[in-house]
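See below for the structure under consideration.
No lab work stands behind these numbers, since they all come straight from the coordinates. Nothing here was measured: the structure is a model prediction, and the numbers come from that model. Reconstructed Cβ throughout: ideal geometry from the backbone, glycine too, with neighbour counts over all protein chains shown.
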């Protein structure tokens with residue numbers, strides 16, 4: 001088996017989560033979830049991201065809305081987003097599309113492999129929405145001013161092909177915004193094997209801040225901005241649950257939780273937040289489909 005990024009064969013076993021082996025590439029430092037050939041990832045997506053999942057997602061909508069507004073505010077510091085042509089990859093229930101349409105541009109496109117979610121976005125009239133995957137984007141070359149890809153890249157093993165397709169449809173000097181879980185985060189350290197965002201087999205590739213940056217630079221994107229962060233409620237919920245499952249009593253749990261809350265801000269600043277958020281600019285003009 002080769003690394004989905006660099007094709008290197010030098011893998012080390014990193015850990016086992018729910019019987020799934022997580023392998024670390026010795027060359028580029030990404031982790032790869034070893035999937036049984038019988039496992040169909042399309043069925044994993046459909047089974048997990050069903051109507052019940054998104055009813056719960058929409059019930060927590062205010063949290064996601066505020067997070068996406070914050071994410072777009074960071075982007076707007078580097079690019080005038082007014083009237084830009086946007087593509088949101090993995091648009092899900094359309095929360096980000098709705099924010100973009102209301103605050104920045106009507107020229108909005110979205111893709112998702114889940115037919116239920118595509119129909120949901122179309123019914124909400126959130127733009128031109130297509131049922132598609134990252135590895136085969138149904139758009140013209142050099143079409144978009146800005147592409148967003150939040151919490152999506154980790155769901156597919158076809159990393160090189162996915163980033164190639166994104167590069168193709170993004171205009172020269174266009175902006176790409178990606179967010180992924182950070183496996184070298186304080187939250188993961190505190191939770192260990194119980195970290196929510198391991199999530200195999202749904203999450204196939206696992207990035208650290210540095211490995212995500214390196215992968216994107218090697219694929220023709222220049223770094224504009226990068227930071228790690230996490231939602232405080234998610235952070236507390238993850239760590240509290242992990243401590244309880246490990247058998248810590250109430251007092252010990254409270255004391256450790258307070259410690260992790262105190263050290264969280266400086267470690268987020270140093271790159272150990274639960275999520276890596278990165279803004280990039282396409283730096284090549286020669287990429288094309290053959």
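What to note about this one:
- Packing-based exposure ordering (other Cβ within 10 Å, fewest first) of 276, 95: 95, 276
- Distribution of pairwise C-alpha distances over the range 228-290, 5 Å bins, in %: 4, 15, 20, 16, 12, 8, 6, 5, 5, 5, 3, 2, 0
- Highest-MSF residue in the chain out of 213, 244, 67 [GNM, Cα springs under 10 Å]: 244
- On Cα atoms only, tilt of 61-76 relative to the major axis of the chain in degrees: 60 degrees
- The antiparallel fraction among DSSP beta bridges confined to the chain stands at about 60%.
- Diffusion coefficient of the range 83-162 by Stokes-Einstein, Kirkwood radius over Cα pairs, 4 °C, 1.567 mPa s: 103 µm²/s.
- Note on the chain: with a GNM built from Cα contacts shorter than 10 Å, the maximum mean-square fluctuation among 114, 125, 142 falls on 125.
- Among 170, 257, 137, residue whose mean-square fluctuation peaks in a GNM of the chain (springs only between Cα atoms under 10 Å): 257
- Helix 209-218 axis, angle to the chain major axis (alpha carbon atoms, nearest 10°): 30 degrees
- Share of Cα-Cα pairs in the range 199-250 lying beyond 13 Å, as whole percent: 73 percent
- Intensity falloff of the range 90-227 expressed as log10 I(q)/I(0), Debye formula with alpha-carbon point scatterers, at q = 0.15, 0.19, 0.22 Å⁻¹: -0.81, -1.23, -1.46
- Computed from Cα positions, the angle between helix 232-245 and the longest principal axis of the chain comes to roughly 40 degrees.
- Relative frequency of Cα-Cα separations exceeding 16 Å in the range 131-206, percent: 56 percent
- Hydrodynamic radius by Kirkwood, which averages 1/r over all alpha carbon pairs of the range 101-146, in angstrom: 11.5 Å
- Here, the range 155-256 has an Rg and a Dmax of 17.1, 56 Å when only alpha carbons are counted.
- Annotation: extensible slack from residue 218 through residue 158 equals 20.1 nm (criterion: 0.36 nm per residue apart, minus Cα-Cα distance).
- For the chain, the spread of Cα coordinates along the three principal axes comes to 56, 44, 37 Å, biggest extent given first.
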